[in-house]
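Right, one structure below, let's go through it.
The values are calculated or read from the model by the stated rules, or taken from the named source; none is laboratory data. Note that the structure is a prediction, hence the values are computed from the model and not measured. Cβ placement follows ideal geometry from the backbone for every residue including glycine, while neighbour counts extend to all protein chains displayed.
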Amino acid sequence: MKRASSVYRDLGTTIFEATSRRAAELGAVNLGQGFPDDRGPQEVLQAASEALLQGGNQYPSMMGVPELRRALAAHEARFYGLGFDWQTETLVTSGATEALAACLLGLLEPGDEAVLLQPAYDAYAPLIRRAGATPRFVTLRPPDFRLETAELERAFGPKTKLVVLNNPLNPLGRVFSESELDALARLVEAFDAYAVCDEVYEHLVFDGRRHVPFISRPGMRPRTLKIGSAGKTFSLTGWKVGLVVGPAELVRPVSRAHQFLTFTTPPNLQAAVAFGLGLPDGYFEGLAAEQQRRRDRLAGGLRSLGLEALPCEGTYFLNLDIRSAGFEGDDVAFCRQLIEQVGVAAIPVSAFYEETPVRHLARLCFTKQDAVIDRALERFAAHFRK
């Protein structure tokens, strides 16, 4: 028989799904897959329920329901001072991963190259290859994982069509500085490239920082697509509502790819997200403050055991330096031991690399209830105090 796609046929199940499955089998505390165990804001849930029972349930517009697209444009103006025409510069997708797929399929062609920062979300490279393009990797290196201009310059070339930027960055919890963003912007402009910006953790930045959209940097407005996630913003990751803004010239081909991926998204969820984007500032400030508190709870507990937790400036994730546990193997072996012997699930950070991986970090998700975090810390204490 003829073989299946060379891009996908040899890929395993995503490590997040595999880890969650193993955690369930063993009864481990799951700090692996990045989802909250909260219910989400009650008023947003209520809005979805009312829209389901009282609103339309047939195909909505492929681009997204007008009320959500207007709310998305208003959100960008409210938080970042960015102006978008809701009719031509906004798009709703079935999750941010679908938005990424639509952006990459809509912009890339065979022979193109796309610059990726690694560690990187594991969907990026396969999607780029499926579009016929070649990923070029820029490796962020410890201890501070800064975006080095010299490394970027080596990755850009005459075939560069776009760069994928994840900021705040999963899995490292890094928030890039304005100087780092501007250095990248200069290269994007110099090589006449685009930027596809995965900014799903935009409302999850800590310690007084503010999120700076890449599209707001000098020269980037005509070259950038910004992707947001209602799932991350409202702690409702199962809803899969992605939000895209950018210039009409880029949104148009992306929307054509979107129409043949999922076409549209449940209308009641779109109506609820439109409502949620208009919540008072206190909601968004409270979201970041609560996740910062949980970060500190997990980090403080690990440090009290003599374990080193790396700084986390945003996202859901804290990274443990496994060397501080006296572990001499790599991160894959450590996470296997952690789930089987300690009863806590984590993700090896090397899974986010294709080239020259860092092998001494394990990613822990802290967007959990206090009781879950405390149970994980109790298991860490029972094992690592021996």
Original post:
Is one or more of the residues making up the stretch 213-220 in contact with a Pro (Cβ under 9 Å, 6 or more places away or on another chain), among the basic types (Lys, Arg) and closer than 27 Å to residue 108 by Cα?
Top reply: no
**OP:** Check 259, 270 and return the single one that is touching a strand residue (DSSP E or B) at 6+ places or on another chain (Cβ under 7 Å) and not assigned by TED's automatic domain parsing to the domain that holds residue 31.
**Re:** 270
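Quick one: would you say residue 287 is within 17 Å of residue 170 (Cα to Cα), surrounded by 16 or more Cβ atoms within 10 Å (Cβ to Cβ) and hydrophobic (A, V, I, L, M, F, W, C)?
Values: within 17 Å of residue 170 (Cα to Cα): no; surrounded by 16 or more Cβ atoms within 10 Å (Cβ to Cβ): yes; hydrophobic (A, V, I, L, M, F, W, C): yes.
Taking the combined requirement at face value, the residue does not satisfy it.
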**OP:** Would you please name the residue that is surrounded by the fewest Cβ atoms within 10 Å (Cβ to Cβ), looking only at residues in the stretch 70-91 that are more than 13 Å from residue 246 (Cβ to Cβ) and in contact with a Leu (Cβ under 8 Å, 6 or more places away or on another chain)?
**Re:** 74
Original post:
Do you know which of the residues in the stretch 158-202 that are hydroxyl-bearing (Ser, Thr, Tyr) and part of a loop (DSSP other than H, G, I, E, B) is nearest to residue 363 (Cα to Cα)?
Top reply: 201
Original post:
Is there any pair linking a residue in the stretch 351-378 that is in a helix (DSSP H, G or I) to one that is of a type in the set (Lys, Arg), with Cβ under 7 Å and at least six apart or on different chains, and which?
Top reply: 370/297; 373/294; 373/297
Original post:
Given the residues 102, 51, 96, 73, which is the only one that is within 11 Å of residue 270 (Cα to Cα) and modelled with pLDDT of 95 or more?
Top reply: 51
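The rows are residues; the columns are (1) surrounded by fewer than 22 Cβ atoms within 10 Å (Cβ to Cβ); (2) within 15 Å of the chain's Cα centre (by Cα); (3) among the basic types (Lys, Arg).
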| site | (1), (2), (3) |
| --- | --- |
| 101 | no, yes, no |
| 129 | yes, no, yes |
| 144 | yes, no, no |
| 165 | no, yes, no |
| 169 | no, yes, no |
| 172 | no, yes, no |
Original post:
Looking at (1) in a helix (DSSP H, G or I); (2) surrounded by 18 or more Cβ atoms within 10 Å (Cβ to Cβ); (3) out of contact with any Asp or Glu (no Cβ under 7 Å at 6 or more places or on another chain), can you tell me which one residue 293 breaks?
Top reply: (2)
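With the requirement that a residue be aromatic (Phe, Trp, Tyr) and in contact with a Leu (Cβ under 9 Å, 6 or more places away or on another chain), what does the stretch 168-201 give you?
Initially, the stretch 168-201 is screened for residues aromatic (Phe, Trp, Tyr), giving 176, 191, 194, 201.
The answer is 176, 194, 201.
If I filter the stretch 1-45 down to residues being among the aromatic types (Phe, Trp, Tyr) and in contact with a helix residue (DSSP H, G or I) (Cβ under 8 Å, 6 or more places away or on another chain), which single residue comes out as nearest to residue 237 (Cα to Cα)? Give the steps one after another, and end with the answer.
Start the filter on the stretch 1-45 by keeping residues that are among the aromatic types (Phe, Trp, Tyr), which leaves 8, 16, 35.
Among the residues that remain, those that are also in contact with a helix residue (DSSP H, G or I) (Cβ under 8 Å, 6 or more places away or on another chain) are: 8, 35.
Numbers: 8: 24, 35: 6 Å.
So the residue we want is 35.
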**OP:** Just name the residue that is farthest from residue 104 (Cα to Cα) out of those in the stretch 260-288 that are touching a His at 6+ places or on another chain (Cβ under 9 Å) and not in a helix (DSSP H, G or I).
**Re:** 278
Original post:
residue 111 is checked against (1) surrounded by fewer than 18 Cβ atoms within 10 Å (Cβ to Cβ); (2) at negative phi and fails just one. What number does that condition carry?
Top reply: (2)
Subject >> Residues that are of a type in the set (A, V, I, L, M) and either surrounded by 22 or more Cβ atoms within 10 Å (Cβ to Cβ) or within 19 Å of residue 262 (Cβ to Cβ) (or both), drawn from the stretch 53-69 >> reply: 62, 63, 65, 68
**OP:** Pull up the stretch 222-259, narrow it to residues that are in a loop (DSSP other than H, G, I, E, B) and free of Cβ contacts under 8 Å to residues at least 40 places away in the same chain, then point me to the one that is surrounded by the fewest Cβ atoms within 10 Å (Cβ to Cβ).
**Re:** 222
Subject >> Unique match (being at negative phi and either in a helix (DSSP H, G or I) or modelled with pLDDT under 95 (or both)) among 320, 338 >> reply: 338
